[in-house]
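Remarks on the structure that follows.
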Amino acid sequence: MSRITVALLVGGALGILDGLTAWFTPEVRSQLLGIVAGSTVKGLIAGALIGLFARKAERTAPTLVFGTGVGALLALVIALLQGSHYLEIILPGTLVGLLTGYATMRYGRQRAAASATVR
Amino acid sequence: MTRLDDATLVRLRDALREPDLSGTRYRLLGPVGSGGMGTVYAVEDTELGRRVGLKILDLEDAEVEARLRREASVLARLEHPGIVPVHDVGRLIDGRAFYTMKLVQGEQLDRYAAREHPLPERLRVFLRVAEAVAFAHARGVLHRDLKPQNVMIGPFGEVLVLDWGLAKVLDDPRPGANGGAAARLRLPGDTGEGAVLGTPGFMAPEQQSGGSAAVDTRADVFSLGALLQWLAEERPPAALRAIVRKAMEHLPSDRYPSVEALAADVERFLDGAAVSAYPEGLLRRAARVAARHRIALGLVAAYLLGRGLILLFTGH
């Protein structure tokens, strides 16, 4: 699978899981569906950005830093919109970004180099 | 009468041994090494202005000359980065045959392996050797003398398989073309079908029994297994031991069917994947998969731990 596909799949899957953990917070349990949907979209956006970056950079360390940053930034935006539960949203969101970055580099296939034709 | 000292005698003897390259386009630079049938010199190609290696017979001998020429023609059909290219074939004014090739600089695999190198690095060198041998097999050529001394590691990490003097050309119909003029354990003299070609310890059992006709690509698989065993550390992991065991099975039919299959198993071992030579139980398989994905599993564990701690300390 290409790096972008892996990043989208991992970002989306982790977004769903991350959203589902809201079930442990009783006061937001009633909004679980909306939280899961929002978290999934956040994961997909993070995945797309990380996948594009990974394809361009083709280096693990910068992709991990970028993934962590993107995860943290998107989680911060959600937390600011929510106005509460900063730690509960930002810490896991950051880890999701890091995980997505790692999985993208570890399991995504490098883009094939353009081949030269000798005439 | 003046007596000559030892140093002068050695210089005189070396001067007598030096080939006379007059009449050729080459200028002698110095000896590089010697093998079973000849000596390799570094020479300068005066027309192209480059240094090349010149292999020349130590003695004028029709049978050994045929072998040298055959080695040159075998090399000429094997254009591969892991195989030394031949440039030219000719004869010196003293009648001895020679061929020139790329001047190989670097160190032999035995010297390379005598130093500390991590197992994955050694296995990657092995894979490069296997790649060159697989290419030769695809061109219908068996090496038949794979051993550490016949592999050279270049200064930029390039891996070259040398000494194709015992090579067998699978589709060569000429009588004696497949080593008939070769040596018994590298000693000139023993010739013909039934001659034992190769190096003990690295030679397949069917080669040791002297049946040249019975030898096929799986003889090189055996030698590569011996090379792998030699390259692996003293106590290699069980899966690698199983690969060596399968490559070095007594019966060719029990070995890997091809060099590619052997190399694929070594690559799988390097990737932490399951190898065909080593059937594993559920627990061992789980341990291998966990080891292969340890960083990803570690990150998942960190995520779950983070979630757990948040739950523990904030109550939600």
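The values are calculated or read from the model by the stated rules, or taken from the named source; none is laboratory data. Note that this is a predicted model, so its numbers are computed, not measured. Counting neighbours? That spans all protein chains shown, and the Cβs are built from the backbone with ideal geometry, glycine included.
Taking the criterion of being charged (D, E, K, R), crowded, with 17+ Cβ neighbours inside 10 Å and more than 14 Å from A:Ala7 (Cα to Cα), the only residue of segment A:51-109 that qualifies is A:Glu88. Counting only helices (runs of 4 or more DSSP H) that fall entirely inside segment B:245-316 and contain at least 3 residues that are charged (D, E, K, R) and either away from chain A (no Cβ under 14 Å) or within 23 Å of B:Leu119 (Cβ to Cβ) (or both), the qualifying elements are B:259-271, B:282-292. Would you mention how many residues in segment A:65-102 are more than 10 Å from the chain's Cα centre (by Cα), at the interface with chain B (Cβ under 10 Å from one of its Cβ atoms) and within 20 Å of B:Ile295 (Cβ to Cβ)? Qualifying residue count for the region: 3.
Consider A:Ile50 carefully, then state whether it is within 11 Å of chain B (Cβ to nearest Cβ) and not acidic (Asp, Glu). Here the answer is no, as A:Ile50 does not meet what is asked. Among residues of segment B:263-284 that are closer than 20 Å to B:Val133 by Cα, those with a Cβ under 8 angstrom from a residue that is buried (at least 16 other Cβ atoms within 10 Å of the Cβ) and charged (D, E, K, R), sequence gap 6+ or separate chain, pair up as B:Ala263/B:Glu131; B:Asp265/B:Lys246; B:Leu270/B:Arg124. Quick one: is B:Pro236 outside any helix (DSSP H, G or I) and surrounded by fewer than 15 Cβ atoms within 10 Å (Cβ to Cβ)? No, not satisfied.
Of the residues making up segment A:14-28, those that are surrounded by fewer than 18 Cβ atoms within 10 Å (Cβ to Cβ) and either at pLDDT 85 or above or of a type in the set (A, V, I, L, M, F, W, C) (or both) number 5. Looking for whichever is more than 14 Å from every other protein chain (Cβ to nearest Cβ), more than 16 Å from the chain's Cα centre (by Cα), more than 23 Å from B:Ala301 (Cα to Cα) and among the acidic types (Asp, Glu) here; the options are A:Glu27, A:Glu58. Which one fits? Result: A:Glu58 is the single residue among A:Glu27, A:Glu58 that is more than 14 Å from every other protein chain (Cβ to nearest Cβ), more than 16 Å from the chain's Cα centre (by Cα), more than 23 Å from B:Ala301 (Cα to Cα) and among the acidic types (Asp, Glu).
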